[in-house]
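See structure below.
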Amino acid sequence: FDMFVLAFVERLFRPSYRKDDFVLGKKLGEGSFGVVYRVSLANKPSSKEGDLVLKKATEYGAVEIWMNERVRRACASSCADFVYGFLESSSKKSAEYWLIWRFEGDATLADLVQSREFPYNVETLILGEVQALPKGLERENRIIQTIMRQILFALDGLHSTGIVHRDIKPQNIIFSEDSRTFKIIDLGAATDLRVGINYIPKEFLLDPRYAAPEQYIMSTQTPSAPSVPVATALSPVLWQLNLPDRFDIYSAGLIFLQMAFPGLRSDNSLVQFNRQLKRCEYDIVAWRKTVEPRCGPELRRGFELLDLDGGIGWELLKSMVRYKARQRLSAKASLAHPYFDREGLLALSFMQ
Ligand code: ADP
Ligand code: MG
């Protein structure tokens, strides 16, 4: 109850906006559930390019506003800075939800991974300077390790708050230029199990390229949670039982895989990998046995990178990309994995 009073009071004292306050800029994205623009405040012409982002969303916008409000209070550093969300119903046949965030930066992880420069382009972003050390597997591994640590840290924040994202993919991870870290965006498919918001999974929202093999986040045996926020005391039990957070871990494992293997970074090659893995009954060790003997340099490089330091990277990948949710590590346990024992990028910059 207190939480809701607090939320209400906080909301009263925050600036509130309406449609006419914004000047629309460049379109950043368009999905089936909304359009995203870079915008600026009408009364603040100094911000010429637009220091905000606007999503005009369909009916799912209501859930996305709820999730962003919750993240802002509970684990703000995990996601893009949320400013405000409201129902916009003037001059429209159907209502729209408008969501406003701070503009975090130009590049998503998808943009960065697709570049020929990856992962050195990320190193430059994080360290803010060009490295003088020789390029090579060891250095690439440290950069990828640093990115994975940031993603898992953000995920741990969400999961500790009771939120499962369900659409973790490079397109939904943005590089925040201010904090020089990766943050999660797009909570449109997220679910908040502790209060039963958006409890009934909308499978059609899930991206099949990054989705874990389980169809439903919770087993179909679990009774539907009430749609009003009263299930708080009950939900942690369900959480323990079903480990819905491990859905995101599988997706994060696929991101790790794509960063390690240049040959798996394109959409087509990821789709092909998913097909091969399914044929191996989701046993990634079996997959390795079938592809490694006859693989080209684009795949071999990935195995070499993951085999560094006694294969500790491969060990972590194996414990994230698993068929059974309960056999996957949690975000917190992943962060404690020995793969992260070595200092990452920061150590590299001190070595100069
Ligand atoms: P969609 O539902 O269309 O996938 P997203 O929330 O993922 O909507 O946003 C679409 C795109 O807009 C992102 O891929 C990213 O390029 C950009 N974007 C979204 N939020 C921000 C932000 N806070 N800062 C900068 N760019 C953003
Ligand atoms: Mg998205």
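General observations
- Condition met for D111 (crowded, with 17+ Cβ neighbours inside 10 Å and either in contact (Cβ under 8 Å) with a residue 12 or more places away in the chain or within 15 Å of ligand 2 (Cβ to nearest atom) (or both)): no
- Unique residue being surrounded by fewer than 21 Cβ atoms within 10 Å (Cβ to Cβ) and over 15 Å from I185 (Cβ atoms) when the list is L137, L152: L137
- Filtered residues of the stretch 159-178 (kept if in a helix (DSSP H, G or I) and within 15 Å of ligand 2 (Cβ to nearest atom)): P170, Q171, N172
- The set of residues in the stretch 11-35 being within 14 Å of ligand 2 (Cβ to nearest atom) and either modelled with pLDDT under 80 or not in a strand (DSSP E or B) (or both) consists of S32, F33.
- All positions within the stretch 72-110 that are of a type in the set (A, V, I, L, M) and within 12 Å of ligand 1 (Cβ to nearest atom): A80, V83, L99, I100, A107, L109, A110
- Test: residue in the stretch 87-104 that is of a type in the set (G, A, S), surrounded by fewer than 20 Cβ atoms within 10 Å (Cβ to Cβ) and in a helix (DSSP H, G or I): no
- Positions within the stretch 166-189 being under 21 Å from F256 (Cβ atoms) and more than 11 Å from ligand 1 (Cβ to nearest atom), in sequence order: R166, I168, R180, T181, F182
- Taking the stretch 5-30 as the range and being touching a residue at least 60 places away in the same chain (Cβ under 8 Å) and either within 16 Å of ligand 1 (Cβ to nearest atom) or not aliphatic (A, V, I, L, M) (or both) as the test, the residues that pass are E10, R14, P15, S16, Y17, R18, K19, F22.
- Here the stretch 250-306 is the region considered, the condition is being surrounded by fewer than 17 Cβ atoms within 10 Å (Cβ to Cβ) and touching a Cys at 6+ places or on another chain (Cβ under 7 Å), and the residue that is nearest to K318 (Cα to Cα) is A286.
- Residue within the stretch 52-62 that is closer than 22 Å to F8 by Cα and within 16 Å of ligand 2 (Cβ to nearest atom) present: yes
- Boolean, V130 is away from ligand 2 (no atom under 16 Å from the Cβ), modelled with pLDDT of 95 or more and more than 20 Å from T58 (Cα to Cα): no
The values are calculated or read from the model by the stated rules, or taken from the named source; none is laboratory data. Note that this is a predicted model, so its numbers are computed, not measured. Positions of Cβ are backbone-derived with ideal geometry, glycine not excepted, and every protein chain shown enters the neighbour counts.
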